[in-house]
1. Neighbour counts of other C-beta atoms within 10 Å: give me CYS695, CYS349 arranged from fewest to most.
2. Once you have a ≥ b ≥ c as the square roots of the Cα gyration tensor eigenvalues for the range 558-735, tell me rounded if a/c is under 1.5, and otherwise prolate or oblate according to whether a/b is larger than b/c.
3. Hey, what number do you get for the chain at 222 nm if only DSSP H runs of n ≥ 4 count, each worth -39500 (n - 2.57), divided across all residues, to the nearest 500?
4. Sorted from fewest to most neighbouring beta carbons within 10 Å, what does the list ILE980, ILE207, ILE574 look like?
5. Compute the separation of the alpha-carbon centres of the range 955-1003 and the range 557-585 and state it in Å as a whole number.
6. How many percent of DSSP beta bridges within the chain run antiparallel, rounded to 5?
7. Tabulate in residue order the Karplus-calculated ³J(HN,Hα) for the range 657-674, using 6.51 cos²θ - 1.76 cosθ + 1.60 with θ = phi - 60°, rounded to whole Hz; enter x for Gly and Pro.
8. DSSP loop (so not H, G, I, E, B), at most 16 other Cβ within 10 Å: list which chymotrypsin sites (Phe, Trp or Tyr not before Pro) in the range 145-254 pass both filters.
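Each value in this text was obtained by applying a stated rule to the coordinates, not by laboratory testing. Source: prediction; values computed, not measured. Neighbour counts are summed over all protein chains in view; Cβ atoms, including those assigned to glycine, are modelled from backbone coordinates with ideal geometry.
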Amino acid sequence: MKKMKRSLIYTLLLLFVPIVAQAQSVNLTPWPKSITTGSGMFVFPKTFNINTINLDAAQMTEVKSFATDFSNATGLTATVASDDSAPVNVLYSSSVTDPEGYNLTITSSKISLQASTAVGVFYGLQSLKKMMPGNVMLGIFKPGEYTVPVVTIKDAPRFKYRGFMLDVSRHFFDVNEVKKILRLMSYYKMNFFHWHLTDDQGWRVQIDKYPKLTTVGATRSNSWNSSLKYGQYWTNSQYGPYFYTKDEIRDVVAYAEKLHITIVPEVDMPGHMCAAIAAYPEYSCTPNGNHSVQISGGVYNDVLNVANEGTVQFCKDVITELAELFPGERFNIGGDECPTTAWENNAECQAKVSSLGLSNYRQLQSIFIKEMSDHLVSLGKKVSVWNEAITAGNANTDLVAQTGAIVYCWNPTANSAAKAKNLGLQCIITPWETNASYYINRKANTQDYGAGYGQADNLKIMYNYQPIDNGVTYGVQGTFWCEHVSDVDHLEHLALPRLMGIAESGWTPLASKNFNQFVNRMKQDTAMLRMGGYNYHPQFIEYEGAEPTASDEDRVYPVSSTGLSGDSKKYYRIVTKATDERANRCWELIRSGSPLLTTYSSYSPAVGQLWTNTQAATTDAAYDYQMWAFEEDPNNPGKYALVCKALPDGSLKQNATAFNTNGYWSYDNSAKHYNFILGSGGYGAQGDNYYYTICSDQSTSQYMNHSMSGKGYRVNCYTDPASGNGGLWTFVPTFDISDITSTKQMRKEAQTLLTKARTYTSETEKNYGAFSQETVDALNAALSADNDNAVAEALAAVKNSILLPQKDDTILIANTWDTFNGATICVREGNSNLGNTEEVFAENAWVVNAARANTSAEMSVNMRLVSATTRGRYVGSPASSATGKLGNLVNTVSGYITLTYNPEEGDFIITNAATSSSTPLRYYPISIHSTSEPGTIGSDASAIRPQGTGWLPKAVRLFTYNCMTVSGTALGKKYYSCPIEELATPATPEFEGLYLSSMVNTSGNAYNLIYDDQPTGIALHTSGKAANGATYDLQGRRVSKAGKGIYVINGRKEIR
């Protein structure tokens, strides 16, 4: 068997093939309040009218928008027109009393949608889209036939508020990323976007009266970033300024309104205001103290001085400017996690507590919340708060109750919801606690990066949590904090599909929720999600449980028989994993004269149908009909043809007669159908073997299933492969796989190396990290010939052919991570630490003073590198201790480093040469924009690639330029490490307002460069061309024959 990455296997899920939909398999999330399925389908005509009855202007807008979107996505033509005979009708109905409700009736000939509001029409049409292929919802053109199942739906949401909160303070998400999230919310009928715009780590919205909020307040000195592939790390670089302009806010608000999503802005106060205080320290309790935008999550004592009138006015001013941008009724002012320590030590706060006769400092916050609420009321708004506003010890809850606040209940959820009810306040349920968490930034399993433990926050636990509904529950919210998440891929990976589970909890009646059905619908939705570029989490979707049974790299798939013939094919017996009456039965293709034809005659078996039977002995006539080979599509890895040994020229047909429990599978005797997907709905070890689900890409939600006796034990289709394990099949090999197991890692290693391998034809090319073209060709040939011994020999030859720097080579070492723009390791004048620079003219050439093989690793060398410009300075060793978040800074003291090739990336990792008493630390550049030790080299044993741990050495020739003006004024000495391949045209430095007039060789590669304030006519510093291919020396004189030296030929400097 072989290993294959999930990304390859599930690429096929992008291919959403529509049309084969069954009434009993309606794909609609959230699940409706009431649904009755029928039989058959409604087929959309190529051209049709949508008739509307008694709709107002807003409702008509929704219908017209649907008609346009549908036509653009399908290639069919839908027109809104008055037509009593139209197959699609949308009508106003006062009987639909819920403003978000709708009734949708679909027969085989007509569609009727009833609603009483524009949002009801919108949700009804969203349901119609959702039951079609994903491209319709996404608005992606894909011509073809389109159908929806016959169904009757009466629908309305359980809760009025179905929300998602996104924290953009800790990490910023731009307008397009926010819109992408809003679109997803609309697909699942979510209607509130809670926008957490400010916090200790950054202020993210323009406030005209306080411009420093978006300069000082929107910038921090470092950032804890995440990479879904590599892990988490400190950037050691300035983060920001990042913020939304008012026009961008208006744009997003208008976009959300079209999707019937209300945006609730949040400016967290009076705590979580470090970013604002850094910009305006006069509003803190210690105006003359040290204040900064925080780089880490947590709760900080630096809070607003709520006893200061200027501070209160500042908050009102901010609210006033933002209230104009957000038309929604609610404005969240936070009120959470606000320590009172600063108030207790502030004279103004002490005086206010005394003058008002307060019993504690917490009551200052309650007064502040009431002040902000009153101001919001004056602007036509109402306040929302986190539950600490009523649950923090000593809070004046009666005062807060007067505000009519909506309370976001997160911790402790049940107690705060009960307290809100006692105070007569509505609440939104968004629990933080494990085993119930709607904090979907938390890890969904132990494989994830981020907050939480990843064991009690998985999709199933979250879905099965029953949100508190105590009579004042306004709704539910998925909450996403971004201390540990810095990009949209990571955000989506953690949030999806848990957010869809919350959407269903907010819409669907509790009695109608079913986790297994939800998962099956999500499996169908993966086609839409992938097509839309959404990066969902695979748990319960691409493997059975919360934790993968094997990592992506370790997942084992059957040995492919593609290209093999006769006895060389690798055959398996496909045995059910069921342990009931079906136990130990296996696949069998019905042959002429098979006893299955008579035993199950009442179920109409036929020759060429796929059935199951007891396992046949090797001498049995049925044996070859129970043997199956998997031939992988050579052009589309991850898809297989299922080939019976008895009929090796054919394969199983890709379509069942029906994709439901009444369907069956037939064999094509003469063609290969590479349509089958293994393991998408279940996978795992079964003793020494492995079990898988099997489905066709023609209907990825319907799995090949071992039917019960009531269906004659035939192989049919079913949506839940884990139900009795009927859809889980163990592949039992009939050949010895031990040799294959021992060589697959070698083959994987060879293929990985070849993926990034650069080649050379001559070692004189000095292409470090490249491999001999001859050995690479031999390895490719060995892999193609399926000769394992040859692969082993060729792989060793390739490794041995790698070009590594040798003693006396002159090199520069450039970083390969995009963030660092090719920065090179350099000597910095006046600084004993090793540096990095993005400058072209720098002391970045190094001589290999010594080199010796690194016996502890392949494709590796230990080297001592001395500066080619400043003797006595080396690429040195890490300091004994770390400097803050930067890691251990590297010095320029003589020592050995280790350069090791990284075949997965095609570059090198640099570490200090390990000894028995030292740990190798990976070297990486500290950004030139860092506020601490900019332009140095850091090191850490656990450093990851986004920190810049990838390096590439290049062979260079060092040029030394002594630059001066024609009048003799020194312009300084410049060094240029010219890559060998660019020696014909070495770069020369430029000075503003000056032109290179001559270039005089003083010795070796040293030159005097003379600059004038007038151009010479041949413009040496540009790519200007001399006429007629003439050759000039560097004094501008035309020469007939060029000797050794540097000349200008066709306007370019060349060395002869």
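1. On the way: CYS695 25, CYS349 21.
Lowest to highest Cβ neighbour count: CYS349, CYS695.
2. On the way: a/c = 1.27, a/b = 1.10, b/c = 1.15.
Rounded.
3. Details: 22 runs with 226 residues, N = 1056.
The per-residue figure over the chain is -6500 deg cm²/dmol.
4. Least to most surrounded, the residues fall as ILE980, ILE207, ILE574.
5. So the separation of the two Cα centres works out to 70 Å.
6. On the way: 125 of 183 bridges.
The antiparallel proportion sits near 70 percent.
7. 3J(HN,Hα) across the range 657-674, in whole Hz: 5, 7, 8, 7, 5, 8, x, 9, 10, 10, 10, 9, 6, 9, 9, 9, 10, 8.
8. Details: sites: TYR146, PHE159, TYR161, PHE164, PHE172, PHE173, TYR187, TYR188, PHE192, PHE193, TRP195, TRP203, TRP224, TYR230, TYR233, TRP234, TYR239, TYR242, PHE243, TYR244; in loops: TYR146, PHE159, PHE172, PHE173, TYR188, TYR230, TYR242, PHE243.
For chymotrypsin sites (Phe, Trp or Tyr not before Pro) across the range 145-254 that sit outside H, G, I, E and B with at most 16 neighbouring Cβ atoms in 10 Å, the list reads TYR230.
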